[in-house]
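*Asks:* Below is a structure I'd like to ask you about.
The values are calculated or read from the model by the stated rules, or taken from the named source; none is laboratory data. As the structure is a prediction and not an experimental result, all values here were calculated from the model. In this analysis, Cβ positions are derived from the backbone assuming ideal geometry, glycine residues included, and neighbour counts consider all displayed protein chains. The protein model used for the area step is the full one, side chains on, heavy atoms only, and it has no ligands, DNA or RNA in it. Shrake-Rupley method; radii C 1.70, N 1.55, O 1.52, S 1.80 Å.
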Amino acid sequence: MKKVIPFLCLLALVMCACTHQKSPETDSAFTYDAVYHTGDFSFKCTVKLSGGTVFVTVNSTNAAGLTVSCDGKDVTFTRGKMIKTLPKESVDATNPARLLWEVFDSFDGTGSETALGHADVDFDTHGGISRIAVADITVVTQQGTYNIL
């Protein structure tokens, strides 16, 4: 009995030291700043998920100010007074809003299946998304910008 009590205390201590990294609820609303890399091209953007729709607003390059959104059915391009909506399936699978909508829609805790294949999703120590990678595309979150709305 004298050996069992210290063993149980040690076991309880070990179990308390193990933590499960919290992953974000991809059906809740959030926003973060990121850099979207594909091949040798990259741009800074703001990613927002709200009401089941993903919004990607370009913050750099000549496309700055362009917002592309995907609700699972349509992809909409908005810049100033210009608005163009297309069926999701007619938009290239590498489109940032379409790709991220597919990632968030099929998220399973570690990754997602997209039209481009399996997407790996990494998290920071606070449970915010730090990196999404699929095919030759990587979306890296700017540290400290992930916010649940």
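*Asks:* Kindly provide the set of residues from region 56-105 that are over 21 Å from S42 (Cβ atoms) and among the charged types (D, E, K, R), ordered by number.
*Replies:* Matches in region 56-105: D71, K73, D74, K81, K84, K88, E89, D105.
*Asks:* Shifting gears a bit: When region 88-99 is examined, which residues are found to be outside any helix (DSSP H, G or I) and open to solvent by less than 70 Å² (accessible area, probe 1.4 Å)?
*Replies:* Once the filter is applied, which keeps residues that are outside any helix (DSSP H, G or I) and open to solvent by less than 70 Å² (accessible area, probe 1.4 Å), region 88-99 yields V91, A93, T94, N95.
*Asks:* Could you run through region 90-102 and say how many residues are β-branched (V, I, T) and free of Cβ contacts under 8 Å to residues at least 40 places away in the same chain? Break it down into steps so the answer makes sense when it comes.
*Replies:* Our first condition is that a residue be β-branched (V, I, T); within region 90-102, this holds for 91, 94.
Filter once more, keeping what is free of Cβ contacts under 8 Å to residues at least 40 places away in the same chain: 91.
The number of residues fulfilling the criteria is 1.
*Asks:* Among (1) touching a residue at least 24 places away in the same chain (Cβ under 8 Å); (2) on the phi > 0 side of the Ramachandran plot, there is one condition L149 misses while meeting the rest; what is its number?
*Replies:* The number of the failed condition is (2).
*Asks:* So, G109, is that one free of Cβ contacts under 8 Å to residues at least 24 places away in the same chain and on the phi > 0 side of the Ramachandran plot or not?
*Replies:* For G109, the condition - free of Cβ contacts under 8 Å to residues at least 24 places away in the same chain and on the phi > 0 side of the Ramachandran plot - is not met.
*Asks:* Step by step: first the residues of region 106-130, then only those that are under 20 Å from T46 (Cβ atoms) and of a type in the set (G, A, S), then the one that is surrounded by the most Cβ atoms within 10 Å (Cβ to Cβ). Which residue is that?
*Replies:* The qualifying residue surrounded by the most Cβ atoms within 10 Å (Cβ to Cβ) is A119.
*Asks:* Of the residues T138, T76, T85, which single one is outside any helix (DSSP H, G or I) and open to solvent by 70 Å² or more (accessible area, probe 1.4 Å)?
*Replies:* Selected residue: T85, the only one of T138, T76, T85 that is outside any helix (DSSP H, G or I) and open to solvent by 70 Å² or more (accessible area, probe 1.4 Å).
*Asks:* What do you reckon, is K44 under 18 Å from T145 (Cα atoms), open to solvent by 50 Å² or more (accessible area, probe 1.4 Å) and in contact (Cβ under 8 Å) with a residue 12 or more places away in the chain?
*Replies:* Taking the combined requirement at face value, the residue satisfies it.
*Asks:* Does region 45-71 hold any residues that are small (G, A, S), over 22 Å from D136 (Cα atoms) and either modelled with pLDDT of 95 or more or part of a strand (DSSP E or B) (or both), and which are they?
*Replies:* Residues satisfying the conditions are S50, A64, G65.
*Asks:* Using the structure shown, decide if Y36 is among the aromatic types (F, W, Y), farther than 21 Å from L149 by Cα and open to solvent by less than 40 Å² (accessible area, probe 1.4 Å).
*Replies:* Yes: the conditions hold for Y36.
*Asks:* All but one of (1) open to solvent by less than 40 Å² (accessible area, probe 1.4 Å); (2) free of Cβ contacts under 8 Å to residues at least 24 places away in the same chain; (3) under 20 Å from E113 (Cα atoms) hold for T53; state the number of the condition that does not hold.
*Replies:* The one condition T53 does not meet is (2).
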